[in-house]
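Working notes for the structure below.
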Amino acid sequence: MTSDDDPFHDCKLDPEAILGTHTFEDVLFTDETETPVNVLTGETPAYSQATVEEATEFAASIDTETPQIALLASVESQVETQSKPYTAAAFFHFKATGSLERHRAYHAAYEADAFTVDFEADYASGDLTITVERADES
């Protein structure tokens with residue numbers, strides 16, 4: 001197999017590292033996502049007020065072939081950029097999967113015909129579950 005045929009040719013992880021079902025806990029935006037509070041007023045700024053419905057609609061509206069999820073944004077980034085408490089990213093984004101190596105491996109599997117990749121975004125718990133199987137086994 002040439003490197004052009006191998007979707008994992010530039011990945012540090014091989015497919016075995018991501019096969020099966022993996023759950024990444026507390027990575028999605030939820031109604032419990034921490035938001036900044038103005039110390040003078042005790043109120044959350046308007047720009048940091050959002051609902052899960054708003055966040056998921058925003059993620060779904062991103063014009064890309066790769067499904068997007070609503071990740072939580074840190075309080076620091078909310079304050080620095082005066083932005084919402086969520087951001088949209090590909091479901092295999094390194095902020096969700098915990099490493100750039102996993103991000104690249106999930107991306108390679110998602111793009112390859114040899115694998116089926118499914119995910120479930122549970123916005124109630126904040127957990128993301130990704131399942132990867134070889135296409136000939138599914």
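Just so you know, all these numbers are worked out from the coordinates, no wet-lab data involved. These numbers come from a predicted model, not from an experiment. FYI the Cβ positions are ideal-geometry reconstructions off the backbone, even for glycines, and counts take in every protein chain you see.
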Restricting to the chain, compute how many DSSP beta bridges are antiparallel as a %, nearest 5. 100 percent
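About the Cα centre, and with charges only on the beta carbon of Lys, Arg (+1) and Asp, Glu (-1), how big is the dipole of segment 15-137? Nearest 20 debye, please.
Here the size comes out at about 380 debye.
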Computed on Cα atoms, Rg of segment 73-138 relative to 2.2 N^0.38 Å comes out at 1.34
Once both axes come from the Cα atoms, what is the angle between helix 52-61 and the longest principal axis of the chain, in degrees from 0 to 90, rounded to 10? 50 degrees
Order these by the 10 Å Cβ neighbour count, fewest first: His93, His9. His9, His93
To the nearest 10 degrees, the tilt of helix 100-111 (Cα long axis) against the first principal axis of the alpha carbons of the chain is 60 degrees
Sorting Pro67, Ala114, Val132 by the position of each Cα along the dipole of the chain (Lys, Arg +1; Asp, Glu -1; all at Cβ), the one nearest the positive end of that ordering is Pro67
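How would you rank Thr51, Thr41, going from fewest to most other Cβ atoms within 10 Å of each one's own Cβ?
In increasing order of surrounding Cβ atoms, one gets Thr41, Thr51.
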Hey, what D do you get for segment 15-137 in µm²/s if you plug the Kirkwood alpha-carbon radius into Stokes-Einstein at 10 °C and 1.306 mPa s? 104 µm²/s
Could you work out the pair-distance distribution P(r) of segment 1-63 from its alpha-carbon pairs, with 10 angstrom bin width and percents rounded to whole numbers? 15, 26, 23, 20, 12, 4, 0
Under a point-charge model restricted to the Cβ atoms of Lys and Arg (+1) and Asp and Glu (-1), what is the dipole moment magnitude of segment 1-75 relative to its Cα centre, in debye to the nearest 20? 300 debye
Using only the Cα atoms of segment 40-91, what are the Rg and Dmax in Å? 12.2, 44
